[in-house]
1. Mind checking which lysines have their Cα closer than 17 Å to the Cα of residue 170? Skip sequence neighbours fewer than 8 apart in that chain.
2. Less than 19 Å from a label point 7 Å out along the Cα-to-Cβ axis of residue 81: which backbone N atoms in the stretch 11-29 qualify, by residue?
3. Taking the alpha-carbon distance from residue 165 and a cut-off under 16 Å, which aspartates and glutamates remain once sequence neighbours fewer than 8 residues away in the same chain are dropped?
4. Heavy atoms only, probe 1.4 Å: what % of the accessible area of the stretch 49-106 goes to carbon and sulfur, would you let me know?
5. Please list the three semi-axes, largest first and in whole Å, of the ellipsoid equivalent to the stretch 27-170, using sqrt of 5 times the eigenvalues of its alpha carbon gyration tensor.
6. Mind checking the per residue accessible area of the chain for me, 1.4 Å probe, whole number of Å²?
7. Can you tell me the 0 to 90 degree angle between the C-alpha axis of helix 103-117 and the longest principal axis of the chain, rounded to 10?
8. Between the helical axis of 156-169 and the dominant principal axis of the chain, each derived from Cα atoms, what acute angle in degrees is found, rounded to the nearest 10?
Amino acid sequence: MTDTGKKEKTAVYPGTFDPITYGHIDIIKRASNIFNNVIVAVADDREKNPIFTIEERVSFIKNVIKESNKDHVKIDSFSGLLVDYLKEKNAHIIIRGLRVFTDFDREFAYASMNKKLFPNIETVILMTSEKFSFISSSLIKEVATLGGCIKDYVPEEVIKALKEKLQKKK
Ligand code: COA
């Protein structure tokens, strides 16, 4: 344990982050108050057909973290199994955010499968703040596509980039 009571452990917060929202940022900040090292791991998941490239998604998160002065939060990307990435980083903790009750089934399945694949890991679930409990990256993209206001849910840089992407798609 350190003076602050935090254990010297690395926690990995995985996701597609297409794009990062204030809901994710809230989870990152809270995880960074608990753990000495937090890695935000952006999944290079082509199946989800992300609108932003892996480089763009990583860059948005880097810019957000730079502003918050949190040196113990690192941003990275990974492909393949999450547990293999954890092994590579010598990490044993996965952070997940739980928004609503319907997230529970998926999180339970993820946590159980990840533990089967790598028994040494623990999944730590943080309850999403109420004000972000209903948002998801897809919902943000849908609202932006239809011209709705998303300023309460994503950083300014993301709004601009989304507008540009959507213009190009037209
Ligand atoms: N605030 C706002 N939105 C949130 C949120 C929060 N706190 N937590 C989750 N969400 C949103 C996400 O943006 C995502 O939205 P989308 O589906 O519209 O893109 C949705 O809720 C689901 O989130 P999540 O379950 O974290 O999905 P994801 O696609 O972001 O991440 C991985 C899933 C990458 C963690 C998972 O697929 C994975 O581990 N992949 C690696 C391969 C692997 O190991 N597979 C076996 C797993 S057992």
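1. In chain and number order, the partners are 141, 160.
2. In the stretch 11-29, the label zone of residue 81 (backbone N under 19 Å from the point 7 Å along Cα→Cβ) covers 12-15.
3. The qualifying aspartates and glutamates are 18, 55, 56, 142, 156, 157.
4. The C+S portion of the solvent-accessible surface of the stretch 49-106 is 49 percent.
5. Over the Cα atoms of the stretch 27-170, the ellipsoid semi-axes are 27, 18, 17 Å.
6. 60 Å²
7. With both axes taken from Cα atoms, the answer is about 50 degrees.
8. Roughly 60 degrees, rounded to the nearest 10.
The values are calculated or read from the model by the stated rules, or taken from the named source; none is laboratory data. It should be emphasised that the depicted structure is a prediction, and the values quoted were computed from it without experimental measurement. All Cβ positions, even for glycine, are placed from backbone atoms using ideal geometry, and neighbour counts span all protein chains on display. Note: areas computed on protein heavy atoms with side chains; ligands, DNA, RNA excluded. Shrake-Rupley method; radii C 1.70, N 1.55, O 1.52, S 1.80 Å.
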